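Read through the structure below, which is laid out as structure tokens, and then see the notes.
The values are calculated or read from the model by the stated rules, or taken from the named source; none is laboratory data. It should be emphasised that the depicted structure is a prediction, and the values quoted were computed from it without experimental measurement. Because the Cβ atoms are built from the backbone with ideal geometry, glycine has one as well, and the counts that use them run over all protein chains shown.
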Amino acid sequence: MAESSPEHKNPTLGYLTVVNDEYTGWTGGMLVLDRGGRPIEFQCTLPVRPTKAHEILFGPTLRAHLISEVIGKLLLQKCRTPLSLVCTDLAEALSVESYTHAPVVLVGEAAESEEGPIADNGSDEFESVEFAGATFFAAIETVDQVTSLASKFGDLPDAIEPFERIRDAIKEAHSQLARQQSGAA
């Protein structure tokens with residue numbers, strides 16, 4: 001499990017997202033950046049395809065289960081870089097905080113449109129922190145820590161763009177998998 005230390009001399013940001021593709025399944029990616037937005041580490045899961053039995057048994061909780069308890073947990077376990085802060089664009093991924101010592105925040109402007117930012121859901125458990133041109137929604141008990149960490153990332157050019165890098169890397173991984181499978185056939 002990647003551990004966090006706010007006092008860490010080289011603070012890091014872990015960006016975590018999950019892409020659902022009807023053909024390949026659910027694939028997660030985590031991009032770890034330094035304070036200037038440069039990549040330190042990238043992790044990607046193989047696609048996860050729930051069975052019909054999973055869909056029936058988990059019902060409406062399947063999405064949250066896959067994002068946080070299966071894919072998010074795996075990405076955090078595979079991460080070799082100590083994380084200072086984990087950023088996500090999926091409200092369901094906020095519960096991965098139980099798998100890391102780093103605070104987990106929702107980047108409001110990057111949040112999936114159907115989910116919307118936490119503030120729109122009327123939650124009193126989260127507070128916003130402005131950082132690198134974006135609104136981070138942090139659990140109230142981590143707001144001071146997140147605010148302190150935000151000041152260490154003054155060189156971060158854009159808090160939203162890394163999610164696109166992850167999606168592009170996942171697309172590239174999918175296309176490489178497809179090429180390997182078609183070459184093996």
query: Is segment 55-70 home to any residue that is surrounded by 20 or more Cβ atoms within 10 Å (Cβ to Cβ), touching a strand residue (DSSP E or B) at 6+ places or on another chain (Cβ under 7 Å) and more than 18 Å from residue 165 (Cβ to Cβ)?
result: yes
- request: Determine which member of the set 61, 27 is under 25 Å from residue 175 (Cβ atoms) and either assigned to a helix (DSSP H, G or I) or touching a Pro at 6+ places or on another chain (Cβ under 8 Å) (or both).
  value: 27
Any pair with Cβ under 9 angstrom, 6 or more apart, that starts in segment 139-161 at a residue that is farther than 10 Å from residue 103 by Cβ and ends at one that is part of a helix (DSSP H, G or I) and among the acidic types (Asp, Glu): 159/109; 160/109
- request: Restrict the check to segment 43-57 and report whether at least one residue is aliphatic (A, V, I, L, M), closer than 19 Å to residue 155 by Cβ and either at pLDDT 95 or above or assigned to a loop (DSSP other than H, G, I, E, B) (or both).
  value: no
